[in-house]
1. Only residues in the stretch 246-259 that are outside any helix (DSSP H, G or I) count as the first member; pair them with residues that are surrounded by fewer than 16 Cβ atoms within 10 Å (Cβ to Cβ), Cβ under 9 angstrom, at least 6 apart or cross-chain, and list the lot.
2. Of everything in the stretch 156-209 that's among the charged types (D, E, K, R), out of contact with any helix residue (DSSP H, G or I) (no Cβ under 7 Å at 6 or more places or on another chain) and modelled with pLDDT under 85, which residue is surrounded by the most Cβ atoms within 10 Å (Cβ to Cβ)?
3. Step by step: first the residues of the stretch 75-131, then only those that are at pLDDT below 85 and among the hydroxyl-bearing types (S, T, Y), then the one that is nearest to R61 (Cα to Cα). Which residue is that?
4. From the list L242, L272, L268, L212, which one is surrounded by 14 or more Cβ atoms within 10 Å (Cβ to Cβ), in contact with a His (Cβ under 9 Å, 6 or more places away or on another chain) and modelled with pLDDT of 85 or more?
5. Please work out which one of (1) outside any helix (DSSP H, G or I); (2) more than 29 Å from A270 (Cβ to Cβ) is the condition V38 fails and give its number.
6. For the stretch 58-68, check the following and say yes or no: at least one residue is touching a residue at least 40 places away in the same chain (Cβ under 8 Å) and within 14 Å of K37 (Cα to Cα).
7. Could you check the stretch 67-104 and list, in sequence order, the residues that are of a type in the set (S, T, N, Q) and part of a helix (DSSP H, G or I)?
8. Looking at N206, N200, which one is assigned to a helix (DSSP H, G or I), over 23 Å from the mean Cα position of the chain (by Cα) and assigned by TED's automatic domain parsing to the domain that holds Y181?
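The values are calculated or read from the model by the stated rules, or taken from the named source; none is laboratory data. Bear in mind that the values here come from a model prediction, so they are computed numbers and not experimental data. Counting neighbours? That spans all protein chains shown, and the Cβs are built from the backbone with ideal geometry, glycine included.
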Amino acid sequence: MELDYFYKEQAEQFTFYRIPKALFSDSRFKDISTDSKVLYGLLLDRISLSAKNGWTDDKGRIYIIYTIEQIMEDLCCGNKKAGQLLAELEEKAGLIERKRQGLGKPNFLYVKNFITGTGDTGHFKKCQNDMSGSVETTSQEVSKGHAINTDLNDTDLNDTDPFPSSVKNGREEETDTRTQYREYLKDRIEYDILKQDYPNEQEMLNEILELLVDTICANRKMIRIAGDDKPVEVVKSSLLKLNADHIRMVMSGMKENTTQIRNIRQYLMAALYNAPLTIGHYYSAQVAHDMAVGMV
């Protein structure tokens, strides 16, 4: 397979998983395998989605649900390897904690805060105060004392925007933003292939694409999702993670829905926003259904 080079205008067109630098620079984690560190990055990525959806216990601690099967798929590994990586993060590094829910139910995973437990406890308490509060109200600015630590700067904590605004003469200048995002999204969701797969649903696919562009480029602070107002950056981050499988799931949901949809854009917006979180459950249900049919 022959791949092309990156060019200047393409340098920041992707969304990335983030692995904290501390996992490589902090002596506490030097004996952890690279695969385990990658898995921790995937777990961190799911923390924000759990927070947005209110997945907290009675003590306010965020938990995630990430099954062995999902880990096997995401890391292209076997069952034994996935279990070993979880055990390494929990028993060797103390970076996660598993809470069993009983027979047939997935474990709750608590992802531990890697910045605690280091020598400078005063500094880290200050960092935690800077970053405490709900997901929707926490300020993006932190204290100067926190910003001094380059291991905890914006590169580690914020979502990646494929097209950050360019800065010219001290002002942000929009450079055909809608066109950039439209082309980026068409490539990410494999729009041309979807049009071939859904020849009779061209209008719906166009509606989905334009809704994504409108929402991501919205000049508002809040976006309404299923009756709740959410910060535009939170919504934007979720939508930029969509791929062709997510769109297929939404299209399938539209076909299977038997109730009258009063506002198609609001319905689609809620389905698209929640797609990255619900797709695992959707495919699990599909597999269970196929197995049941095969046994008849």
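1. Filtered contacts from the stretch 246-259: no entries.
2. Here the answer is D156.
3. Among those residues, the one meeting the criterion is T116.
4. Details: L242 fails: in contact with a His (Cβ under 9 Å, 6 or more places away or on another chain); L268 fails: in contact with a His (Cβ under 9 Å, 6 or more places away or on another chain); L212 fails: in contact with a His (Cβ under 9 Å, 6 or more places away or on another chain).
The conditions single out L272.
5. (1)
6. Residues of the stretch 58-68 that are touching a residue at least 40 places away in the same chain (Cβ under 8 Å), as a first pass: 61-67.
With within 14 Å of K37 (Cα to Cα) added as a condition, the list becomes none.
No, the stretch 58-68 contains no residue that is touching a residue at least 40 places away in the same chain (Cβ under 8 Å) and within 14 Å of K37 (Cα to Cα).
7. Restricting attention to the stretch 67-104, the residues satisfying the condition of being of a type in the set (S, T, N, Q) are 67, 70, 79, 84, 101.
Within the stretch 67-104, Q70, N79, Q84 qualify.
8. Details: N200 fails: assigned to a helix (DSSP H, G or I).
Matching residue, one of N206, N200: N206.
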